1. Confirm whether F147 is in contact with a Gly (Cβ under 6 Å, 6 or more places away or on another chain), open to solvent by 50 Å² or more (accessible area, probe 1.4 Å) and part of a helix (DSSP H, G or I).
2. How many residues are open to solvent by 50 Å² or more (accessible area, probe 1.4 Å) and not in a loop (DSSP other than H, G, I, E, B) if we restrict to segment 48-73?
3. Is it true that L130 is within 22 Å of L32 (Cβ to Cβ), aliphatic (A, V, I, L, M) and part of a helix (DSSP H, G or I)?
4. Give the residue, chosen from L88, L98, L76, that is open to solvent by 50 Å² or more (accessible area, probe 1.4 Å), in contact with a helix residue (DSSP H, G or I) (Cβ under 9 Å, 6 or more places away or on another chain) and without any contact (Cβ under 8 Å) to a residue 40 or more places away in the chain.
5. Could you list, ordered by first residue, the pairs with Cβ atoms under 7 Å in which the first is in segment 108-124 and assigned to a helix (DSSP H, G or I) and the second is modelled with pLDDT under 90 and open to solvent by 80 Å² or more (accessible area, probe 1.4 Å), at least 6 apart or interchain?
6. Is it the case that segment 104-119 has a residue that's closer than 24 Å to L15 by Cα, open to solvent by less than 50 Å² (accessible area, probe 1.4 Å) and touching a helix residue (DSSP H, G or I) at 6+ places or on another chain (Cβ under 8 Å)?
Amino acid sequence: MEKPGKSGLFVYMGLRTAKDWNQFLLRFFVALGIWEVASVSLRTLLFSTFYFDPNLKNFFVPMSQVFWIGPIVADLLEVFFIGILASLVRPALPYGLLGGLLLGICFSIAAFVAPALAISQFTGAFPVKLIWLWVFYQSVLCILASFVFTFSSEED
């Protein structure tokens, strides 16, 4: 029997105590920090060839006009919701980093691969190579964040 006042999403996530919240937020900030460090070089590596392509000149915004809070907030929201998803499914995942790999791949397929297939097949709005690089980039984020959120230690 459930106690009155003890229902809701956070109870089912396992975030009942301050220790649970501290652990979740610590993992969230570690995952976000690692990703923000890796994302700068990964964005440059993957998308620089498209930036200088004359056919896509009107597609990309010049670097001086990018409002950088947008990509950072997008990464923040994505990592946070991957953390919530990881907290919800953690009891059903395999132990350790294998669970993170499984969660990251499944989330990537559902969130990025399926829409990319639909966009590339039904529209010609975006270059197909650009779509798949974006899918790869987002999948790396999902797998990295999932690794951080599903990592288990002796203290857990």
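1. Yes, satisfied.
2. 10
3. no
4. Sole residue among the options that is open to solvent by 50 Å² or more (accessible area, probe 1.4 Å), in contact with a helix residue (DSSP H, G or I) (Cβ under 9 Å, 6 or more places away or on another chain) and without any contact (Cβ under 8 Å) to a residue 40 or more places away in the chain: L98.
5. Here the result reads I119/F126, each pair linking segment 108-124 to a residue that is modelled with pLDDT under 90 and open to solvent by 80 Å² or more (accessible area, probe 1.4 Å).
6. Looking through segment 104-119, at least one residue is closer than 24 Å to L15 by Cα, open to solvent by less than 50 Å² (accessible area, probe 1.4 Å) and touching a helix residue (DSSP H, G or I) at 6+ places or on another chain (Cβ under 8 Å).
Here is a yes/no grid of residues against (1) more than 19 Å from T150 (Cα to Cα); (2) over 14 Å from the mean Cα position of the chain (by Cα); (3) at pLDDT 85 or above:
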{"residue": "F24", "(1), (2), (3)": "no, yes, yes"}
{"residue": "V66", "(1), (2), (3)": "yes, yes, no"}
{"residue": "I69", "(1), (2), (3)": "yes, yes, no"}
{"residue": "A92", "(1), (2), (3)": "no, yes, yes"}
{"residue": "L117", "(1), (2), (3)": "yes, yes, yes"}
{"residue": "F122", "(1), (2), (3)": "yes, yes, yes"}
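The values are calculated or read from the model by the stated rules, or taken from the named source; none is laboratory data. The model shown is predicted, which means the values in this text are computed figures rather than measured ones. Methodologically, a virtual Cβ is constructed for each residue, glycine included, from the backbone with ideal geometry; neighbour enumeration extends over all protein chains shown. SASA here: full protein model, heavy atoms, side chains in, ligands and nucleic acids out. Shrake-Rupley method; radii C 1.70, N 1.55, O 1.52, S 1.80 Å.
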